[in-house]
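Have a look at the structure below, then the notes.
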Ligand code: GLU
């Protein structure tokens, strides 16, 4: 795609002024995947020149997020490399050198205009027809003697690029937007070095890309308007202009730029919400790039083989959280059981710390799904959910097999890791139960459904000594009740589901029952019978 025969070197150049946001993460992914696909080098460069907003904490967050996503860099912080240092604040000497070169070639000149003068001129021009067209080049043609004298007198000055007036349009190739052309007369003599000695973004970034032998600049299209200016700097430095690829924005479903309003926006937030890094990476890769317009599952390793700049979309892309959830579910189901169990651990641990009150015996969820003390005598609300989670956590290490058996019960309907605790906690409630009031109303108290009868009949089946505690057998025996009781299967089995699992949307019922202690199951059913039907069923 480029005439250059240079080995492919790309860079991701975040400014550590915040977390790693989705847009930047996608830029990182494209650079990384392109480098891998081309057997090139992926450089990470930290553009920390904004002293007010750049922090070490943000650097750490960015590196952590990239490591979590598996976006390993070949050169950069922590790993070093032959073109370092990889922090812009440590590269000032190279900018000084580049500026000296421009001065030597009469491609840069000092400007002594004060900020006040420039501001006043701009304000005046904005009032006039045609508006402000950039710096009026007052200092461009000062005589050599005057320049020498004013510099010798240490008069405050900036250094500006001497844009060649006979240049013709500025042209460059963009892998996404095609051949680009900008008229030269809108390019003003931009500042390269400020009065305080610091260098501007446009200058520093070009110096770095030149000195780091970058061949392809892949970045957000918010930088597109900077590019013609940067091309002029490359030319002034006598350096080869890289091939550019400006990435269209990622928008929210409402057509607005992604922001907090749209939910999570940083990579770490997605990690904390239970997404797998490979799924997030796959999802982001497809926000603006496609393999063939159809394939949706492209794991990172494959992306590294098939990624190409040609298939980056010109149109902005839309962030669809439902698609991400779906994709995460696909990746979750691909995880080997043991890895899944490991991945579940921190979520259970977190849930156990978070905790919530659960009554001893029976309690209810409130509208939001948190458990609530009930006014019933059974409910002595001094236990916590934590107990259930702690037990689950202990079970992971003590009884891996149990978790392998839980896995198929929930994996089909699981989209995110953070859903695991809520989906499995009922298995660890022991002789207690937490009831969902909606399920009580809709199932147990359903008019004419004879839920009390159904529940009692199922309990009697479960209590039979002659039946092994196995899902298929218990299920068959319970189903057989439908005919003699003249009851629809749904009316027969839903009450049992609510009485054992607490709600009507739990994972497969009999498989769950088979994983639980029979005595706990009986106790739960009786608690519900007493509470909801007020029946004092005789002990079996
Ligand atoms: N540091 C710039 C940013 O974070 C990127 C500059 C570039 O890629 O050229 O937006």
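Each reported figure results from applying straightforward, stated rules to the coordinates on display, with no laboratory input. Computed from a predicted structure; not experimentally measured. As a convention, Cβ positions derive from the backbone with ideal geometry for all residues, glycine included, and neighbour counts pool all protein chains shown.
Overview of values
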read-out	value
Cα shape, segment 45-103, gyration tensor, a/c 1.5 rule	oblate
Separation of alpha-carbon centers, segment 32-83 and segment 156-195, rounded to whole Å	28 Å
Residues 524, 219 arranged by fewest to most Cβ contacts within 10 Å	219, 524
For the chain: relative contact order, % (alpha-carbon pairs under 8 angstrom, 6 or more apart)	11 percent
Percent antiparallel among DSSP beta bridges (both partners in the chain, rounded to 5)	55 percent
Gain upon complete extension [residue 155, residue 485; 0.36 nm per residue less C-alpha separation]	108.7 nm
Exposure proxy order (Cβ contacts within 10 Å, fewest to most) of 62, 191	191, 62
Relative contact order [Cα under 8 Å, 6+ residues apart], segment 275-349, whole percent	41 percent
Along principal axes, Cα extents of segment 219-270, largest first, whole Å	46, 24, 14
Cubic angstrom per residue, convex hull over Cα atoms of the chain	211 Å³
Counting all C-alpha pairs of segment 96-237, share separated by more than 18 Å (%)	61 percent
Relative exposure of 176, 498, judged by other C-beta atoms within 10 Å (fewest first)	176, 498
Percentage relative contact order, segment 167-248, counting C-alpha pairs under 8 Å, at least six apart	38 percent
Between 0 and 90°, nearest 10: helix 22-37 axis offset from the chain longest Cα axis	80 degrees
